[in-house]
Each structure stands twice: as structure tokens, then as C-alpha cells.
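All remarks here apply to the structure that follows.
The values are calculated or read from the model by the stated rules, or taken from the named source; none is laboratory data. Computed from a predicted structure; not experimentally measured. For neighbour counting, all protein chains shown are included, and Cβ atoms are generated from backbone atoms with ideal geometry for every residue, glycine included.
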Amino acid sequence: MKTFGVIMAGGSGERFWPLSRRDTPKQLLNLTGRDLLVNEAAERLFGVCEREDLLIVTGKSQTEKMRAATAKYLKAEQILSEPAARNTAACIGYAAMKLQKRCGEAVMVVTPADAYIKDTESFRKTLETAVKAAEGGALVTVGIRPTFPATGYGYLRCEGGEKGDAARKVLQFVEKPSLERAQEYLSAGGYLWNSGMFVWKISAILQAFRRYLPEAYKILSEIAKADGTAEEREVTEKLYPLIPSVSVDYGIMEKAENILVVPGDFGWSDVGSFDMLSAVREADEKGNVVIGELLGADVENCVIYNRQKPVAAIGVKDLVIVETDDVLLVCAKDRAQDVKKIVEKLRSEGREELL
């Protein structure tokens, strides 16, 4: 059965502000030193699907930059533009409807645009196992074997433990836990991190939409009717914002019964905030991740990112320091998850020039 790739690239990456902005979000940044995160995501999937069988779904304000950023890999029509941000269920349903009209039936491999994966070969092998499992009609997700008691990830409790590479039944979706609970999961075994990667047949996911998200399914069906017509853009602009905003995890995966997970061990990180940059950049002998120039003395365990001016620091530790043309961010490293609170404050104050 033919396999298509779908990259979800509509996020705003607010925890990476001020680098990540509304029109140039995290997935359009080069955080690894190799390429933009979205291009790295595309390259990984080319080992699973053909180049012409990859779609990227992104927001309207990001579409033109996304097309320019990925032009070395994809044609403009392979970038789908969402008129409004309506969470992951709408993004996936929109792509599924497009693909159903194009080919009828196939397997969809859905990944986020902004994750980091160290071992591409192992990643592809995991997806190949997931594709085979999905051909039987199951909704398949990829779980990551936990290496520490993370509190920033959701967890999957799975049948038969976390060992081995075969697909197994998901028993429970678990929200982001406390540190104590995360430590319990790690000790008990049988729990995997929820990676936000999915594999399923087009017919299987659309059937799930019909059953669990009927309102979204109805609206997406109306949009699909206009696909390829002169009215397509007008209909999509009008109806897409009416789709209920819900994640595919909450809207479908936590409710469906035929859910399988394939464990993966390929050096995955969602690189969700500045404190996670050590997953993609090598730290120096004092534990500092420096992108740019640091003029420092007695600087320890810091993340420093500067585009133009050198950063001079003395006697500091456990800080995030980020310098851009118009903003200087300084925060405690263990508060990096809270950077989005600054974005929320700017939004509430109407500071559009900084968003």
C-alpha cells in the first residue's frame, strides 16, 4: 500500500520567543546547526515516502515563508495552508481529505515539524513497523522509551511493557505527570513518552473522525467537495475556522479502541524550550550551550544565543540568555517553559511588533 507523509507545521513555538515569532516560528529556525527543523523533518520522511508524496500543513501567515524554506525539496502545492489555527485534529483531517481525493486509500505517516531525531535509520525502521501495523486498520502512534522522569511529556501505558519493537495495544493515555508520578512510571516500566507521531490508513482516520468528531468531519467533507474547483479557497476560508479546535489525541486517540503503539528508540526530543537545546547542541566543558559568541568568566550550565552582539557574562549559572535585534531575554533555566507567559503578556497588551 502506498505511503504518504504529512508534516504538521502550524505551531507557533512560543517557548522559543524571541527567536520564534508569529510568521517565523520554531519549525522555520535552524536550532541544530544543520538545517531548518522542518527541512530535517522532510528529509527523514523521504526514506518512508516518495518526495512527491509528502505534504506540509501550515498556517496562513506562514505559508509563503514555508514554501520558500522548503523549495529545495517540495513544490508549492505540497504546502497546505490552514486559514485558521484549529489544533492537530483539523490539520490531520484536512490532509486526510486531500489525500483521499487524490488516491482513495493509502497509509498516512504524520509527524510534527519541530522534533529532533538523532538516529534517522532507527526512526525509519520504527515507522516501517508502524506502517505494517496500520495496514491492518489500527490507529498507530509512536511511543518513545523514556530515559528520565520527564514532566513535560504525555505518557502512554501499553500492553506487554515497553521492551521490544513490535506494535502493542495502548491501554491508557496519561497527561503530563508530576515528577513523583513520572518517576513511578519509569520504575514500573510499561510506559512510553507520547511523541505526537501517528500512522494510519486514510479510511481508518476518517472513519474515526466520523465517529468521534462528527462536527469536524462534516465541515471537512464540505471543504473536500470544493477541492480542485474555482471555489476551493473561498469555501476553505469560510468553513475552516468553524472546525472545533481539539487535538487529535483528545478528540480521537483517547476515545478509540483500536489504538496500537510502536516503541521507538532513536534519540528523540521535542526540543520544547531553550533548556532542551542541549539535546541538539553540544555543551562545553562547563555545561554551557553557546550559539554565537560568549565573553564569559565563571559561566556554568547556561544557554546563550546571540545573533549579532557578543554576550558578556560573569559569575552566572543556570540562565537562558537570548539576544535578537529587538529583544533581550534573560530567564532562569528551570523557568524556560514559562517564556510563553511573556508572549501571552505581549499579546494582551497589543504589542504586535514583538510577536
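Can you name every residue in segment 84-105 that is in a loop (DSSP other than H, G, I, E, B) and surrounded by 18 or more Cβ atoms within 10 Å (Cβ to Cβ)? Matches in segment 84-105: Arg86 only. Does segment 308-339 hold any residues that are closer than 18 Å to Leu31 by Cα, exposed (fewer than 12 other Cβ atoms within 10 Å of the Cβ) and in contact with a Gly (Cβ under 9 Å, 6 or more places away or on another chain), and which are they? Listed by number, the list holds a single entry, Gln308. What about Ser245, is it of a type in the set (Ser, Thr, Tyr), in a loop (DSSP other than H, G, I, E, B), assigned by TED's automatic domain parsing to the domain that holds Gly137 and surrounded by fewer than 20 Cβ atoms within 10 Å (Cβ to Cβ)? When the stated conditions are applied, Ser245 passes them.
For (1) modelled with pLDDT under 95; (2) outside any strand (DSSP E or B); (3) at positive phi, each residue gets a yes or a no:
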{"site": "Ile252", "(1), (2), (3)": "no, yes, no"}
{"site": "Leu260", "(1), (2), (3)": "no, no, no"}
{"site": "Leu277", "(1), (2), (3)": "yes, yes, no"}
{"site": "Glu282", "(1), (2), (3)": "yes, yes, no"}
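Considering (1) under 24 Å from the mean Cα position of the chain (by Cα); (2) at pLDDT 95 or above, the lone condition that Asp318 does not fulfil carries the number (1).
Consider segment 220-240 and keep the residues that are aliphatic (A, V, I, L, M) and more than 14 Å from Arg102 (Cα to Cα). The one that is surrounded by the most Cβ atoms within 10 Å (Cβ to Cβ) is Leu220.
The residues in segment 323-346 that are touching a Leu at 6+ places or on another chain (Cβ under 9 Å) and within 12 Å of Arg21 (Cβ to Cβ) can be counted, and the count is 5.
On the basis of being modelled with pLDDT of 95 or more and in contact with a strand residue (DSSP E or B) (Cβ under 9 Å, 6 or more places away or on another chain), does Leu127 make the cut? Judged against the criteria, Leu127 is a match.
Residues in segment 25-70 that are acidic (Asp, Glu), free of Cβ contacts under 8 Å to residues at least 24 places away in the same chain and over 28 Å from Ser278 (Cα atoms): 2 in all.
Mind telling me which of the residues Val303, Val343 ends up being surrounded by 15 or more Cβ atoms within 10 Å (Cβ to Cβ) and in contact (Cβ under 8 Å) with a residue 40 or more places away in the chain?
On the way: Val303 fails: in contact (Cβ under 8 Å) with a residue 40 or more places away in the chain.
None of the other options fit; the residue is Val343.
State all residues of segment 177-232 that are part of a loop (DSSP other than H, G, I, E, B) and of a type in the set (Ser, Thr, Tyr); if no residue qualifies, say none.
Within segment 177-232, the subset part of a loop (DSSP other than H, G, I, E, B) is 177-178, 189-190, 213, 226-231.
Residues satisfying the conditions are Ser178, Thr229.
Among the residues making up segment 284-308, those that are at pLDDT below 90 and assigned to a loop (DSSP other than H, G, I, E, B) are Arg307, Gln308.
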